[in-house]
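What follows is a set of notes on a single structure, which appears directly below.
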């Protein structure tokens, strides 16, 4: 029996904006969304890999998400600072066993 592992890359959706209404609709704020994973594409790519493995006589035994993160921080003068961070799915590793 042989094992095989395949990395399936996740991709970001194209950036887009949403409009958030405030104060009874009298004011609005545009929010830029530029770090959202394209889950539909990841699912489709994963399905393709699984079908290919099955056709080659492999059985999938695990699917493991791989996460990455981005962060930044800084100071404002000598009394204050700022920072942010977020994580996202980089992709998944599919492990399969040949029967």
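Just so you know, all these numbers are worked out from the coordinates, no wet-lab data involved. What you see is a predicted model, and the numbers here were worked out from it, not measured in a lab. Please note: Cβ atoms are built from the backbone with ideal geometry, for glycine as well, and neighbour counts cover all protein chains shown.
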In whole Å, largest first, what are the principal axis extents of the Cα atoms in segment 22-78? 60, 39, 14
Pulled fully out, how much extra length does the chain show between residue 88 and residue 12, if you take 0.36 nm times their separation in residues and subtract their Cα-Cα distance? 26.4 nm
Mind running the shape call on the chain? Use the C-alpha gyration tensor, a ≥ b ≥ c as the square roots of the eigenvalues: rounded below 1.5 for a/c, prolate if a/b tops b/c, oblate otherwise. oblate
Determine the calculated [θ] at 222 nm for the chain from helices alone, applying -39500 (n - 2.57) to every DSSP H run no shorter than 4 residues and normalising by the residue count; nearest 500 deg cm²/dmol. -6000 deg cm²/dmol
Sequence of 60, 94 once ranked by neighbouring C-beta atoms within 10 Å, starting from the fewest: 60, 94
Could you compute the FRET efficiency for residue 67 and residue 20, with r as their C-beta to C-beta distance and R0 at 35 Å, rounded to 0.05? 0.80
What is the Cα centroid distance between segment 1-22 and segment 29-99, reported in whole angstrom? 6 Å
How far, in nm, would the chain grow between residue 55 and residue 95 when pulled straight, counting 0.36 nm per residue and subtracting the alpha carbon separation? 12.9 nm
